[in-house]
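Reading through the C-alpha cells given below for one structure.
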Amino acid sequence: MALARRLAAVVGVEHVLTDPAVCAGFATDWTGRYRGSAALVVRPADRDQVAGVLSECQESGVAVVPQGGNTGLVGGGVPHNGEVLLNLTRLDSLGPVDRAARQVTAGAGVRLSALRAHAGDAGLDFAVDIAARDSATVGGMVATNAGGLRVLRWGSMREQVAGVEAVLADGSRVGSLAGLGKDSTGYDLAGGLIGSEGTLAVITAVRLRLVPSVARRATATLAFASTADAVAAVSELRAVPSLTSAEVFYDDGLRLVCAHRDLAPPFPTAYPVYLLVECADDADPTEALGAAVADIPGVLDTALAVDEAARRTLWTHREAHTETVNSLGTPLKLDVGVPVAHAAAFEREIRAAVASGTLVLFGHLAEGNFHVNVVGADDEERITETILRAAAAHGGTISAEHGVGVAKAAWLSLTRSPAERDLYAAIKHAWDPRGVLNPGVLIPR
C-alpha cells in the first residue's frame with residue numbers, strides 16, 4: 001500500500017500496523033459494542049510526526065480517526081469505514097511541574113494516573129479523576145471534556161486547560177502551551193477544541209492547571225430511601241467547603257458489584273439508595289462531614305471509612321459498577337444529565353423506560369448526571385429514544401461527559417437548535433474543509 005509506505009517514512013515502519021488481526025484490536029471499543037475496521041494503524045511519537053501523517057492522509061483523500069486510550073463509550077475513537085487510525089499513546093511526555101503557576105505540560109498520550117503521580121511528586125494534584133484513570137489519556141479527556149468524580153469541587157476538563165497544541169487536517173500547527181493567566185487576543189481556539197471529539201484538529205499536547213494536594217480525606221456512604229432524599233442531602237452537604245464528591249448508586253447495582261468482586265456491602269441491611277461522599281482538606285474533615293450528616297433528616301444509615309483500606313472498599317462499591325456491568329454482557333450505555341432538582345423524577349422515568357434486560361444505574365448526583373447501563377434488553381432503540389427525550393424534556397443533556405460520538409449524533413437535535421447545528425457544521429468546515437477528521441462523529445454524515 002503506497003500510503004503505508006509514505007507513513008512509514010514519517011513515523012518508522014514499526015509504527016505503521018497493517019496486519020488486520022492487529023488492527024482489529026484498535027478498531028473495537030473496550031465494551032465490545034462499537035466495532036469497525038481500520039485501513040491501518042499509525043502510532044506517531046510527537047507533534048511533527050502527527051503533522052506529517054495528517055498531511056499525507058489529506059493528500060491521499062483518506063479519513064483519519066484519532067484515538068487515545070480507547071476508553072470512550074460513544075464510538076468516537078473507533079474507525080467505522082476503513083479510515084486510518086491515529087493512535088496517540090506514544091505522545092506521552094510530561095514536562096516539569098511549574099510550581100509558580102501550578103501548571104504542567106502533558107502530551108496527548110499521557111495517562112491520567114501518570115499525570116496525577118507526576119503532579120503528586122511536586123506536592124500538587126490534577127483535579128479531574130475518573131475510574132478509567134489507568135487507561136484514559138489526556139488528549140482524549142480534553143477532546144471529550146471529561147468530568148468524573150470531582151467535578152463538584154473543581155469542574156470538568158474545560159476548567160483545567162490553560163493551553164492546547166494541535167495539528168489541523170492539512171498538517172498545520174495551531175495553539176499555544178504558554179499557559180498565560182490572561183490573554184484576550186481573539187478567539188479562544190483552545191476552548192473550541194475542548195469537547196470537539198477529534199473532529200476539528202488532533203490535540204498533541206495540553207497545558208494543564210494543577211490544584212494543591214490535600215493530606216486528609218473523610219469518606220462515607222450514606223443510605224437513603226429515595227433519590228429525592230439523596231438530592232436533598234447533596235443540597236445540605238454543599239455547605240461543607242471540603243466536599244469533593246457525591247456519587248449515587250442503587251441497591252440492585254451494589255448487589256451485582258459485591259457478587260462480582262466478592263465484597264461485603266457497606267451495611268448489614270439493604271437500602272434502596274446510596275450516596276458516596278468524600279471531603280478532602282489539609283486538616284481532617286471528618287468532624288465537619290459528620291456534623292453536616294447529623295443534620296440531614298433523610299439519612300437512614302452511615303458507613304464512615306476508618307482507614308485507607310476501608311476508604312478504598314467504599315469507593316470500589318461505586319467504581320466497580322462499570323466492570324461489573326461489562327461482565328454481564330455488552331451493555332447499552334447512556335450518559336445523561338438533568339438539572340439536579342429534576343434528578344429524582346428523571347430516575348423514576350429511566351426505570352420506567354427499561355422494561356426488559358438488566359438495568360444498572362449510577363452517577364454523579366451533584367451534577368444530575370446518570371450513567372444508564374442496560375444489558376440484555378430486546379428494545380434498545382426504544383429505551384435510548386425514551387431516555388434521551390426525557391433528558392431533553394427536563395432541560396438536560398444527552399451527553400453529560402462522554403461526548404456525542406457516533407452513538408448520539410442522530411439525537412443532537414434534541415438539545416441543539418437548527419441554527420446551532422448549522423453553526424457546528426460551519427465550524428467543522430472552517431477547521432477541516434475536506435472532512436478528513438473523524439467523519440460521522442458529533443456531526444452526522
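Quick notes on this one:
- Just one of the numbered conditions (1) under 24 Å from Pro241 (Cβ atoms); (2) under 21 Å from the mean Cα position of the chain (by Cα); (3) not in a strand (DSSP E or B) is not true of Glu323: (1).
- Residues satisfying the criterion are absent from region 243-251 (criterion: open to solvent by 50 Å² or more (accessible area, probe 1.4 Å) and out of contact with any His (no Cβ under 6 Å at 6 or more places or on another chain)).
- Some residue of region 93-113 being within 23 Å of Ala45 (Cβ to Cβ), part of a helix (DSSP H, G or I) and modelled with pLDDT of 95 or more: yes
- When each of Thr199, Thr221 is tested for being closer than 30 Å to Pro44 by Cα and either open to solvent by less than 60 Å² (accessible area, probe 1.4 Å) or without any contact (Cβ under 8 Å) to a residue 12 or more places away in the chain (or both), the lone residue that passes is Thr199.
- Residue count for region 141-178, restricted to those that are among the acidic types (Asp, Glu) and part of a loop (DSSP other than H, G, I, E, B): 1
- Failed item in (1) under 16 Å from Thr89 (Cα atoms); (2) touching a residue at least 24 places away in the same chain (Cβ under 8 Å); (3) out of contact with any strand residue (DSSP E or B) (no Cβ under 8 Å at 6 or more places or on another chain), with Gly32 passing the rest: (1)
- Total residues in region 252-267 satisfying the condition of being closer than 26 Å to Asp284 by Cβ and crowded, with 22+ Cβ neighbours inside 10 Å: the figure is 1.
- Taking each residue of region 64-79 that is under 18 Å from Val336 (Cα atoms) and looking for partners that are open to solvent by less than 10 Å² (accessible area, probe 1.4 Å) and among the aliphatic types (A, V, I, L, M) with beta-carbon atoms closer than 6 Å, six or more apart or interchain, yields Thr71/Ala136; Gly76/Val441.
- Per-region count, region 150-184, residues open to solvent by 60 Å² or more (accessible area, probe 1.4 Å), of a type in the set (A, V, I, L, M, F, W, C) and in contact with a helix residue (DSSP H, G or I) (Cβ under 6 Å, 6 or more places away or on another chain): 0
- Selection count, region 382-412, where residues are open to solvent by less than 50 Å² (accessible area, probe 1.4 Å) and free of Cβ contacts under 8 Å to residues at least 40 places away in the same chain: 3
- Between Val174, Val214, the distinction of being among the aliphatic types (A, V, I, L, M), modelled with pLDDT under 95 and over 22 Å from the mean Cα position of the chain (by Cα) belongs to Val214 only.
- Test: residue in region 329-338 that is open to solvent by 40 Å² or more (accessible area, probe 1.4 Å) and not polar (S, T, N, Q): no
- Selection within region 369-421: residues that are part of a strand (DSSP E or B) and of a type outside the set (A, V, I, L, M). The member of this set that is nearest to Ser327 (Cα to Cα) is Asn373.
- Filtered residues of region 202-218 (kept if hydroxyl-bearing (Ser, Thr, Tyr) and either surrounded by 24 or more Cβ atoms within 10 Å (Cβ to Cβ) or under 14 Å from Val138 (Cα atoms) (or both)): Thr204
- In region 431-445, the residues that are part of a loop (DSSP other than H, G, I, E, B) and touching a strand residue (DSSP E or B) at 6+ places or on another chain (Cβ under 9 Å): Val436, Asn438, Pro439, Val441
- Applying the condition of being in contact with a Gly (Cβ under 8 Å, 6 or more places away or on another chain) and not small (Gly, Ala, Ser) to region 10-45 and asking which residue is surrounded by the most Cβ atoms within 10 Å (Cβ to Cβ) yields Pro44.
- Selection status of His321, touching a Ser or Thr at 6+ places or on another chain (Cβ under 9 Å), surrounded by 19 or more Cβ atoms within 10 Å (Cβ to Cβ) and within 18 Å of Leu149 (Cα to Cα): no
- Of all residues in region 242-278, those that are closer than 17 Å to Gly368 by Cα and of a type in the set (A, V, I, L, M, F, W, C) total 8.
- Of the candidates Val65, Val74, Val53, the single residue that is within 19 Å of Gly198 (Cβ to Cβ) and either open to solvent by 20 Å² or more (accessible area, probe 1.4 Å) or assigned to a helix (DSSP H, G or I) (or both) is Val53.
The values are calculated or read from the model by the stated rules, or taken from the named source; none is laboratory data. This one's a predicted model, so the numbers in the text were calculated from it and none came from an experiment. Counting neighbours? That spans all protein chains shown, and the Cβs are built from the backbone with ideal geometry, glycine included. All accessible areas refer to the heavy atoms of the entire protein, side chains included, with ligands and DNA or RNA removed. Shrake-Rupley method; radii C 1.70, N 1.55, O 1.52, S 1.80 Å.
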